[in-house]
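Chemist: A single structure is presented below for examination.
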Amino acid sequence: MSDELDTSNLTPDLVLRARMALEVPKRMLAHIDRVVVLADELARRHGLDVERARLTAQGHDLVRAVDPAELLRRAEARGMAIDPVERDEPVILHGPIGALELAERFEVTDERVRFAIWWHTPGHPDYDGEAWAMFIADKVDPHKVKRWPALAEVRDLAQDSLEAAALRYLDLRAEEATARRWTVHPMATLTRNALLRKLGRGARD
């Protein structure tokens, strides 16, 4: 009897999940499972590509459980350009490293999926709908909403507009960073500015 997993009847996200389950901790897999469900719901609600949204959600935290120092080591070994904010908080690198390893070790060939995963911590001005579905689903995992109830507003806004929800999330993070004197990833600022220009920004005095 073969030990090889039969994936012939599985969708791409479930094939990936089966392979990730061999190395991703159960607690992280549980988070990913919740994000896949939410991304599926948001994709259906907004008329998006459900299969792509689910695959993106499935892969987004492939290496989230890897030690931050190891993420930094992997990034340096690849000669990646590392922003000072990423060097201060190497956990941010789980997006880029995960996107690269999904291509190299898991044969994820969809460039839009990998792009979305690369930037899923700060977001990106060039995100498509499926990327935003994953981004929001990750942020409003019910366990995260329980820890930070302000995220309920993000969850509710996503029913009508993924981009409005993303902007509110980035606003909340910017407010938190200001209050706590934290640095902000430059891509988060660029993404917030792009969303403000698209959705309407407030007038200056």
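Chemist: Of the residues in region 44-72, how many are part of a loop (DSSP other than H, G, I, E, B) and of a type in the set (A, V, I, L, M)?
Modeler: Summing the residues that are part of a loop (DSSP other than H, G, I, E, B) and of a type in the set (A, V, I, L, M) in region 44-72 gives 5.
Chemist: Still on this structure, I have one more. Pick from region 54-65 the residues that are of a type outside the set (S, T, N, Q) and buried (at least 21 other Cβ atoms within 10 Å of the Cβ): which of them is nearest to the chain's Cα centre (by Cα)?
Modeler: Out of the qualifying residues, it is His60.
Chemist: Considering only region 180-196, I want to know if a residue exists there that is in contact with a helix residue (DSSP H, G or I) (Cβ under 6 Å, 6 or more places away or on another chain) and farther than 24 Å from Leu71 by Cβ.
Modeler: Yes, region 180-196 contains a residue that is in contact with a helix residue (DSSP H, G or I) (Cβ under 6 Å, 6 or more places away or on another chain) and farther than 24 Å from Leu71 by Cβ.
Chemist: Just one of the numbered conditions (1) of a type in the set (D, E, K, R); (2) within 20 Å of Glu41 (Cα to Cα); (3) surrounded by 20 or more Cβ atoms within 10 Å (Cβ to Cβ) is not true of Lys144; which one?
Modeler: Lys144 satisfies every listed condition except (3).
Chemist: Something else: Go through region 162-179 and report how many residues are touching a helix residue (DSSP H, G or I) at 6+ places or on another chain (Cβ under 8 Å) and either free of Cβ contacts under 8 Å to residues at least 60 places away in the same chain or more than 20 Å from Thr189 (Cα to Cα) (or both).
Modeler: Residues in region 162-179 being touching a helix residue (DSSP H, G or I) at 6+ places or on another chain (Cβ under 8 Å) and either free of Cβ contacts under 8 Å to residues at least 60 places away in the same chain or more than 20 Å from Thr189 (Cα to Cα) (or both): 12 in total.
Chemist: Applying the selection to region 115-172, what residues are outside any helix (DSSP H, G or I) and among the acidic types (Asp, Glu)?
Modeler: Matches in region 115-172: Asp126, Asp128, Asp141, Asp160.
Chemist: Next question, about the same structure. For region 22-65, which residues satisfy the criterion of being free of Cβ contacts under 8 Å to residues at least 12 places away in the same chain, hydrophobic (A, V, I, L, M, F, W, C) and within 19 Å of Ala103 (Cβ to Cβ)?
Modeler: Listed by number, the list holds a single entry, Leu22.
Chemist: In addition: Can you name the residue in region 8-43 that is β-branched (Val, Ile, Thr) and in a loop (DSSP other than H, G, I, E, B) and, of all such residues, is surrounded by the most Cβ atoms within 10 Å (Cβ to Cβ)?
Modeler: Val24
Chemist: Here are Asp83, Asp128, Asp138, Asp61: which of them is at negative phi, of a type outside the set (Ser, Thr, Tyr) and touching a Lys or Arg at 6+ places or on another chain (Cβ under 7 Å)?
Modeler: Asp128
Chemist: Same structure, new question: Pairs under 7 Å by beta carbon, first residue in contact (Cβ under 8 Å) with a residue 60 or more places away in the chain in region 73-87, partner β-branched (Val, Ile, Thr) and outside any helix (DSSP H, G or I), six or more apart or different chains?
Modeler: Val85/Thr183
Chemist: Of the residues in region 66-88, how many are out of contact with any His (no Cβ under 8 Å at 6 or more places or on another chain) and either crowded, with 16+ Cβ neighbours inside 10 Å or of a type in the set (Val, Ile, Thr) (or both)?
Modeler: Count: 4.
Rule-based calculations on the coordinates, nothing more; no lab input. In this text the structure is predicted, and so the values were computed from the model without any measurement. Glycine gets a Cβ as well: all are built from the backbone with ideal geometry, and neighbour counts include every protein chain shown.
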